[in-house]
Amino acid sequence: YEVHRNVDRSGLPLKQEDFVVLGIESSCDDTGAAVVRSDGMILGESLASQASIHEEFGGVVPGLARDAHADAIDSVISEALDKAEMKIDDVDAIGVTVGPGLEICLRIGCNAARELAMKY
C-alpha cells in the first residue's frame, strides 16, 4: 500500500480539503444530476421531468420511465457540469441512487455512473 499525501485509504481526498461529487438520480420518473462541493454547496444541477409522459396514465409506467431516463441521462449530466462550469475530469467522486426505486430505472443511473467512473 503506497501512501499518497492528501488522499485517504479510500482514494478520496482527505476531509480538510474540499472535494466535488457528481450525484446522479434515476429512481422513478425524473432524471437528475447535481455537482456538489463537500461543504454542501450545490455548484450545478439539472432535472428532466417525466410528468407529461406519465400524466395520461395516472401514474408512472416503468418501461416509459426507463426509456425517458435513457434518453435524458447524458444531457442532464452535461447540463449539471456546465452549470457548475466544470468538466467531468474536475469531479473527485460519483454518487448514484441505488434504491429504493424502480429497478429498471435505477439501472440507467447506475450504468451511467459506472461508465463515467471507469472512464475518468
Output the residues belonging to the range 77-120 that are open to solvent by 50 Å² or more (accessible area, probe 1.4 Å), in contact with a helix residue (DSSP H, G or I) (Cβ under 6 Å, 6 or more places away or on another chain) and not β-branched (Val, Ile, Thr). Leu102, Tyr120
Whichever residue in the range 30-49 is acidic (Asp, Glu) and open to solvent by 50 Å² or more (accessible area, probe 1.4 Å) and, among such residues, is modelled with the highest pLDDT: Glu45
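The values are calculated or read from the model by the stated rules, or taken from the named source; none is laboratory data. This one's a predicted model, so the numbers in the text were calculated from it and none came from an experiment. Positions of Cβ are backbone-derived with ideal geometry, glycine not excepted, and every protein chain shown enters the neighbour counts. Calculation scope for accessible area: heavy atoms of the full protein, side chains included, ligands and nucleic acids excluded. Shrake-Rupley method; radii C 1.70, N 1.55, O 1.52, S 1.80 Å.
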